[in-house]
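Engineer: Handing you a structure now.
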Amino acid sequence: MFLLNTGVSNALVNRTLSSFGISIGTGLALESVFTPTTERYDVTREIPNIVDMSKFKYHVFNIYTLLRNIVSATDFDKVRLYESKELKEVLIEEIETLKLLYDNIETELVIWVPDYKDAFITFNQSKKKTMSRPYIDYMSGRMVTKKIGKDDIPVKYIESDHKLDLDSSDVLITTHITLDLLNIKRIKNLTLLESNTGLLRDKYKWYNKYHSIGKRDMSFLPFNDQLLFLLGDKSLVKPGSISARVELYDMAINKKWTPRTTRDKIRENLKECKLALKVLLDYKNIY
């Protein structure tokens, strides 16, 4: 890889790498899938689970997650990194390294480039119009992906809106964008492999993607598009008012919700939440 002798180049060359020669956040997830090719970054870290890849036809990586992990592996200025031509080159190089790993297994590697324009508008109606840091990072990432063509990527490469279409329900996904997980309505066996932690999470363990409500325990909450709209997340969906969220939370405890609570019960119980219902008037299901 040819890089100019600049601060940006040095930052990318010296970024924190995992045992696969890939930025640390992505590499820690891969430790749950593959045997490390070099000494692990942290040999004392306990690998949380081993993923049986025979259960999945595809492993989808959100390209913005790959970009975020590259940028986060440095201490350099984010704006300068996203504006640099070197970031695109490093991204393509990491995808090529991923390809070498996935060439040895049956699961097909997929790089997904979603466009969240419509989803962002829908899930943030009637909320504060401030720009979140994750949204700014996403828009910066868009500048990078627009410079990339399918011929630059040596694996299955999907450009689409927020909806992910694949010819299988057995899909593993690595993403930090909670909106991606709403594709569970389209891909029934969608399973998350988290960056950084390497944890494997099915839909009953996606409660940790909601925006926190103080120090309240969120582990009993089901994952649902309406709840995501109301509660917000740590990426692109802004939380509703604290009063509406607390009202929803207290009702969920009283109604004894669990991660397996059905959409019908959720919809029926929400009728008792005046503040939440007022917010939901602006919500429309786009998944």
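Every number in this text was worked out from the coordinates using simple rules, so none of it is lab data. Nothing here was measured: the structure is a model prediction, and the numbers come from that model. Reconstructed Cβ throughout: ideal geometry from the backbone, glycine too, with neighbour counts over all protein chains shown.
Engineer: When N is the residue count of the chain, what does its C-alpha Rg come to as a fraction of 2.2 N^0.38 Å?
Structural biologist: My calculation over the Cα atoms of the chain gives 1.04.
Engineer: A follow-up question, please. Can you give me the span-like helices of the chain, meaning DSSP H runs with 24 Å or more of Cα extent along the axis and Kyte-Doolittle mean at or above -1.0?
Structural biologist: Once both thresholds are applied, what remains is 85-102.
Engineer: Report the semi-axes of the equivalent ellipsoid for the stretch 211-280 in whole Å, largest first, where each axis is √(5λ) for an eigenvalue λ of the Cα gyration tensor.
Structural biologist: Gyration-tensor ellipsoid for the stretch 211-280: 16, 14, 12 Å.
Engineer: Under the rule of at least 5 residues apart or a separate chain, name every residue whose amide H is placed under 5 Å from the amide H of S195.
Structural biologist: Close amide H contacts, sequence-distant or interchain: T175.
Engineer: Now for a separate question. From the cross-link list K85/K128; K127/K156; K78/K163; K85/K205; K88/K127, which pairs have alpha carbons spaced over 31 Å apart?
Structural biologist: Beyond 31 Å: K85/K128; K127/K156; K85/K205; K88/K127.
Engineer: Along the charge dipole of the stretch 173-245, pointing to its positive end and built from +1/-1 on Cβ of Lys, Arg, Asp and Glu, which listed residue (L182, L228, L200) has its Cα farthest out?
Structural biologist: Of the candidates, L228 comes out farthest on the positive side.
Engineer: Would you work out the Kirkwood radius for the stretch 19-82? I mean one over the mean of 1/r across all pairs of different Cα atoms, in Å.
Structural biologist: Working: mean 1/r = 0.0753 Å⁻¹.
When all Cα pairs of the stretch 19-82 are included, the Kirkwood radius is 13.3 Å.
Engineer: For a test of the definition: using alpha carbon positions, the gyration tensor, and the 1.5 limit on a/c, classify the stretch 1-147 as rounded, prolate or oblate.
Structural biologist: Here the stretch 1-147 falls in the oblate category.
Engineer: Rounded, prolate or oblate: which fits the stretch 121-250, taking a ≥ b ≥ c as square roots of the Cα gyration tensor eigenvalues, rounded meaning a/c under 1.5, else prolate when a/b beats b/c? Kindly include the intermediate steps, with their values, before the conclusion.
Structural biologist: On the way: a/c = 2.11, a/b = 1.40, b/c = 1.50.
Since a/c reaches 1.5 but b/c is at least a/b, the shape of the stretch 121-250 is classed as oblate.
Engineer: Below 11 angstrom from the Cβ of N49, what's the summed charge of the other residues (Lys, Arg +1; Asp, Glu -1)?
Structural biologist: Cβ neighbours under 11 Å give a net charge of -3.
Engineer: About the Cα centre of the stretch 111-252, how large is the charge dipole given +1 on each Lys and Arg Cβ and -1 on each Asp and Glu Cβ? Please answer in debye to the nearest 20.
Structural biologist: 460
Engineer: Counting only DSSP beta bridges with both residues in the chain, what percent are antiparallel, rounded to the nearest 5?
Structural biologist: Antiparallel bridges: around 20 percent, rounded to the nearest 5.
Engineer: Rounded to the nearest 20 Debye, what is the dipole magnitude of the chain about its Cα centre when Lys and Arg each give +1 and Asp and Glu each give -1 at the C-beta?
Structural biologist: Using Cβ point charges on Lys, Arg, Asp and Glu, the chain gives about 1540 debye.
Engineer: Exposure proxy check: R133, R68 ranked by fewest other beta carbons within 10 Å?
Structural biologist: Starting with the residue having the fewest Cβ neighbours, the order is R133, R68.
Engineer: Considering only the other residues whose Cβ falls under 10 Å of the Cβ of L109, what net charge follows from Lys and Arg at +1 and Asp and Glu at -1? Numbers along the way, then the final one.
Structural biologist: Numbers: positive: K99, K156; negative: D103, E108.
My count for the surroundings of L109 gives 0.
Engineer: On to the next question. Along each principal axis of its Cα atoms, how long is the stretch 71-198 end to end? Whole angstroms, biggest number first, please.
Structural biologist: Between the extreme Cα coordinates on each principal axis of the stretch 71-198 lie 45, 37, 30 Å.
Engineer: Return Y207, Y116 ranked ascending by Cβ neighbour count within 10 Å, so the fewest neighbours appear first.
Structural biologist: Fewest-to-most ranking of Y207, Y116: Y207, Y116.
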